[in-house]
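Right, one structure below, let's go through it.
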Amino acid sequence: KAGVTQTPRYLIKTRGQQVTLSCSPISGHRSVSWYQQTPGQGLQFLFEYFSETQRNKGNFPGRFSGRQFSNSRSEMNVSTLELGDSALYLCASSLALGDGPAGTQYFGPGTRLLVL
Amino acid sequence: AQSVTQLGSHVSVSEGALVLLRCNYSSSVPPYLFWYVQYPNQGLQLLLKYTTGATLVKGINGFEAEFKKSETSFHLTKPSAHMSDAAEYFCAVSGGYGGSQGNLIFGKGTKLSVKP
């Protein structure tokens, strides 16, 4: 099975712009979560989607949004970019069929965003 | 609320020596605990996880971890370090509940260096 794929892998934007990142989960996985990784704050949870519905959200401003499509692919969007948004954005997928919080999340390679 | 503390942001061992990476957690509910490894410019890979049952959990690449409820710890060990073990290691607790996969709450990470 192919793993979690994320596109693009690298991205450079300027302050004030917006960006959309894409994530394709492992085939058959219906849950997708997004995380932000920075040297200062570490790994922080952004949001989780299951069956096109946001089920859980981390403590990030409304500039960060996401959605999930019927094929379980997910996108996240960051509007009005700030310098502090420079980070590695990781997507993870899981089966979400009865495993609950014990389920394993499988991570993609991430999208590295640099905001100038 | 759950939280994770990893003691030691950097650990250095010699090749063939014991690897011990420390993780303490805080959780108001029975925890689900995970160890992930991240190699440079890559996403996270699951090493092992504890859900219920046996407190000594064996993972990939010769790693294992022991869940100690009385000490609220989930330390990661490997009897003999290899050069290929050099990476960053993250301990995480699941913040999920009910049927949700929820979010993973990560520690700050420990960078493991292996000296020849």
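The numbers here are math on the coordinates, done by the rules we state, and not lab data. Since the structure is predicted, the reported quantities are computational estimates derived from the model, not experimental observations. All Cβ positions, glycine included, derive from the backbone under ideal geometry; neighbour counts span all protein chains shown.
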Against the 2.2 N^0.38 Å scaling, with N counting residues, where does chain B land? I'd like the Cα-based Rg ratio to two decimal places.
1.03
Taking the Cα centre of the protein assembly as shown as origin and charging only Cβ (+1 Lys, Arg; -1 Asp, Glu), how large is the dipole, in debye to the nearest 20?
220
To check my understanding: the extent here is largest minus smallest coordinate of the Cα atoms along each principal axis. What are those three numbers for chain A, in Å, largest first?
42, 27, 26
Charge dipole of the protein assembly as shown built from unit charges on the beta carbon (Lys, Arg +1; Asp, Glu -1), centred at mean Cα; most positive-end Cα among A:Leu81, A:Thr111, A:Ser24 is A:Leu81
Cβ-Cβ cut-off under 14 Å around A:Arg63, Lys and Arg +1, Asp and Glu -1: the net charge is +1
I want to make sure I understand the PRE zone here: with the label point 7 angstrom from the Cα of A:Lys1 toward its beta carbon, which residues in the range B:47-89 have backbone N atoms less than 20 Å away?
B:47-51, B:59-61
Students often get this wrong, so check it: of B:Lys58/B:Lys111; B:Lys69/B:Lys115; A:Lys57/B:Lys111; A:Lys57/B:Lys108; A:Lys1/B:Lys49, which have C-alpha atoms separated by over 30 Å?
B:Lys69/B:Lys115
Note down, for the range A:45-100, the three equivalent ellipsoid semi-axes (square root of 5 times each alpha carbon gyration tensor eigenvalue), biggest first, whole angstrom.
23, 12, 10
Calculate log10 I(q)/I(0) of the protein assembly as shown for q = 0.10, 0.12, 0.15 Å⁻¹, where I(q) comes from the Debye formula with a single equal point scatterer on each Cα and nothing for solvent.
-0.45, -0.65, -1.01
When every alpha-carbon pair in the range B:13-61 is counted, what percent end up more than 12 Å apart?
75
Just how large is the dipole of chain A about the Cα centre, in debye to the nearest 20, putting +1 at every Lys and Arg Cβ and -1 at every Asp and Glu Cβ?
180
